[in-house]
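The values are calculated or read from the model by the stated rules, or taken from the named source; none is laboratory data. Computed from a prediction, not measured in an experiment: that's the story for all the values here. Counting neighbours? That spans all protein chains shown, and the Cβs are built from the backbone with ideal geometry, glycine included. When the accessible area is computed, the model is the full protein with side chains, heavy atoms only, and any ligands, DNA or RNA have been set aside. Shrake-Rupley method; radii C 1.70, N 1.55, O 1.52, S 1.80 Å.
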Amino acid sequence: MERELDAELRGAFDRVFARSWYIKGEENKSFEEAFAAYHGVEHCVGVGNGLDALMLALKSLGIGEGDEVIVPSNTYIATALAVTYVGAKPVFVEPNIRTFNIDPSRIEAAVTEKTKAIIPVHLYGQPCDMDPIMEIARKRELRVVEDCAQAHGARYKGQLVGTFGDAAGFSFYPGKNLGALGDAGAVLTNDKELAKKIRALGNYGSDYKYHHIYQGNNSRLDEIQAAFLSAKLPHLDRMNAERRRIAKRYLAEIQHLDVILPTVPDYAEPVWHIFAVRCSSRDALEKHMNDHGIMTNKHYPIPMHLQECYRDLAFQKGDFPIAEEISQTELSLPMFYGMTEEEIQFVIDSINGLVK
């Protein structure tokens, strides 16, 4: 993608370099306005990365020491770390194994008097089932912070993800569907006061220079990354459409008996940041693919509750069997804008055993 947009990205760099203004300038403002408008929300606040986006959203909502936040047991660890960083406790809830996303039917059983929020993660670019999640949140008076780090442009029942909860965190890590050329992130919200607080918290807790109303952080979207993102945003839908086309071929043409394809519910318009399959002989399939020059990945080989950094939560193997099964069977196939027809066919043929 970067090669295709070479002139636009170089122009963005030259524009920032000529201004000699690298933090909190016009590029940041321009991208925030464009990203908010793309989603049809009132406010976007650029931050340093996706983890900070979630952490600052939780912090701005007053979630902290002694509170609990529900997160899926199957996600990238940044989701749980954001909860930990504000002093709260992540409470894991198992996913629906067919979609990999948090199972709404399991959420309410995890709610206690300490629960303050839910973080639904639109994992791999697949939208969560938001209606029942929002119903639970309204019923139990819980906040909702969407984790959209892998789901730029995905839709639930025609509505863009990131527009359902109190706030939504995005990552623009270079490998994302909308990626910067370095670390970057943003928070979306329709709450003006929440947006002001997030902006202040990400700027050392300052509402104006040398005046600090919160004990804040340093997490701001660099001007140069904002400029790059502004150049790439108009191409996002086109790039996502290409990912959908590739996924459509995978879903229709992969026919290996041991390979379980992801399920796409009627409500979902995924953007396929990752195309994740499951296979009981995952390691053998991975080796077969790699031996034929096809790079794969595992998302994620160690579930969060078994990570050493969360040993204080005292979970054991078997406590979250669905997350553990996914970690042992999931394999991510090549999925990127610019895949040729020959490359797509080679992946399909390799899985189907036509390539020996």
In the range 42-100, anything among the basic types (Lys, Arg) and surrounded by 21 or more Cβ atoms within 10 Å (Cβ to Cβ) is listed as 59
Filtering the range 46-78 down to residues that are charged (D, E, K, R) and either out of contact with any Ser or Thr (no Cβ under 9 Å at 6 or more places or on another chain) or under 23 Å from residue 224 (Cβ atoms) (or both) yields 52, 59, 65
Of (1) in contact (Cβ under 8 Å) with a residue 40 or more places away in the chain; (2) out of contact with any strand residue (DSSP E or B) (no Cβ under 7 Å at 6 or more places or on another chain); (3) over 15 Å from residue 170 (Cβ atoms); (4) of a type outside the set (Asp, Glu), residue 78 satisfies every one except (3)
Listed by range, helices (runs of 4 or more DSSP H) wholly within the range 266-354 having at least 3 residues that are open to solvent by less than 70 Å² (accessible area, probe 1.4 Å) and within 30 Å of residue 158 (Cα to Cα) are 321-329
Scanning the range 252-265 residue by residue, the ones that are over 18 Å from residue 329 (Cα atoms) and open to solvent by 50 Å² or more (accessible area, probe 1.4 Å) total 3
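One line per residue, one yes/no per condition, for (1) more than 22 Å from residue 78 (Cα to Cα); (2) open to solvent by less than 50 Å² (accessible area, probe 1.4 Å):
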{"residue": "135", "(1), (2)": "yes, no"}
{"residue": "144", "(1), (2)": "no, yes"}
{"residue": "172", "(1), (2)": "no, yes"}
{"residue": "176", "(1), (2)": "no, yes"}
{"residue": "201", "(1), (2)": "no, yes"}
{"residue": "230", "(1), (2)": "yes, yes"}
{"residue": "235", "(1), (2)": "yes, yes"}
{"residue": "238", "(1), (2)": "yes, no"}
Exactly one of 35, 13 is out of contact with any Gly (no Cβ under 7 Å at 6 or more places or on another chain), outside any loop (DSSP other than H, G, I, E, B), open to solvent by 50 Å² or more (accessible area, probe 1.4 Å) and in contact (Cβ under 8 Å) with a residue 40 or more places away in the chain, and that one is 13
Within the range 179-238, residues being in a loop (DSSP other than H, G, I, E, B) and within 24 Å of residue 338 (Cβ to Cβ) number 6
Taking first residues from the range 324-348 that are without any contact (Cβ under 8 Å) to a residue 40 or more places away in the chain and second residues anywhere that are open to solvent by 10 Å² or more (accessible area, probe 1.4 Å) and not small (Gly, Ala, Ser), the pairs with Cβ under 6 Å that are 6 or more apart or on different chains are 324/303
